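Structure, as structure tokens:
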Amino acid sequence: MDLPQVIVLALIQGITEFLPISSSAHLILPAELTDWPDQGLRFDVAVHLGSLTALVIYFRAELTSFAADAFRLRTGASMSLLSKVAVATIPAALAGLLFKPFVESELRTVGVIAVTTMAFAIPLWWADRRTTSERDEYALSHGQAVVIGLAQAMALVPGVSRSGVTITAALLVGLGRRGAARFSFLLAIPTIAGAALLTAVDARTAAEAVPWTYLGLGFVVSAVAAYVCIRAFVALVNRTGMTPYVVYRLALGAVLLWFLV
């Protein structure tokens, strides 16, 4: 790896992980357009930990409240929200355990990612068009959280977009745009942490030397990009809606299909 590759890939991870535009689709493009070598599992862990750090910083007040209420055995809004995040995480965890080998061997192709990037843009557009709610993430029921969790499980298929499909489901069960985005991002904390842990386990057997400088740079760039992206998206989502991301997804899918021709 060289410096431009580190910066570009870390920026891609930090930004596209949280926008509803499919990070897996974007990570294909550098490989198609350049002769860059594979970045390796250790770099993947570093940039995912950067994105996770951005989430922890952004939700520091909520996470502190979760910890305090759990330590003191309190019940209330914070613990209720935490329990909804927990139940919504279960479907994706089970899907990963059951289907991850099949997905990695059969579905990580440009064709699949192009189709899913475009196909899942349509329900995102429809859910956004029909929403009139201002309900926030605290208004979710546990049943609605399970629905969002089932949607997140579909994001195991490359191109679906974890944030895109969870925001779609959250809008459909009645959350407002800002509440849907915030619950999607909260749900990303255990999801990214679990994925990073599994990748780190796989990376233990890597024989090459550890490029600590590049790993550290990738971590920092991903964390900064992710934090800026999260703040901007949540602040602007009520004004912009999902249409710009839908249009972008359709265009991106068309570009990926063009690579196949």
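Worth a mention:
- Residue among L9, V261, G143 farthest towards the positive dipole end of the chain, charges placed on Cβ: G143
- Note on H48: accessible area approximately 50 square angstrom, rounded to 10, probe 1.4 Å, nucleic acids and ligands left out.
- Spin-label zone in region 1-43 - amide nitrogen under 20 Å from a point set 7 Å from the Cα of W258 along the C-beta vector: 21-35
- For the chain, the Cα-based Rg and Dmax, in that order, read 18.0, 60 Å.
- Computed extension length for R129-F99: 7.6 nm, one decimal, from 0.36 nm per residue of separation with the Cα-Cα distance subtracted.
- Translational diffusion of region 131-249, µm² s⁻¹ [Kirkwood Rh, Cα pairs; Stokes-Einstein; 37 °C; 0.692 mPa s]: 205 µm²/s
- For region 51-190, the fraction of 1.4 Å probe accessible surface lying on carbon and sulfur atoms is 67 percent.
- Across A200, A181, A155, mean-square fluctuation computed from a Gaussian network of the chain (C-alpha pairs under 10 Å connected) peaks at A200.
- Based on C-alpha pairs under 8 angstrom that are at least 6 apart in sequence, the chain has a relative contact order of 38 percent.
- Distances between placed amide hydrogens fall under 5 Å for G159 paired with S24, A25, all partners being 5 or more residues away or on another chain.
- Expressed in Å, the radius of gyration and Dmax of the Cα atoms of region 95-135 are 15.0, 41.
The values are calculated or read from the model by the stated rules, or taken from the named source; none is laboratory data. Since the structure is predicted, the reported quantities are computational estimates derived from the model, not experimental observations. Every residue, glycine among them, receives a Cβ derived from its backbone with ideal geometry; neighbour counts consider all protein chains shown. Accessible surface areas use protein heavy atoms only, side chains included; no ligands, DNA or RNA. Shrake-Rupley method; radii C 1.70, N 1.55, O 1.52, S 1.80 Å.
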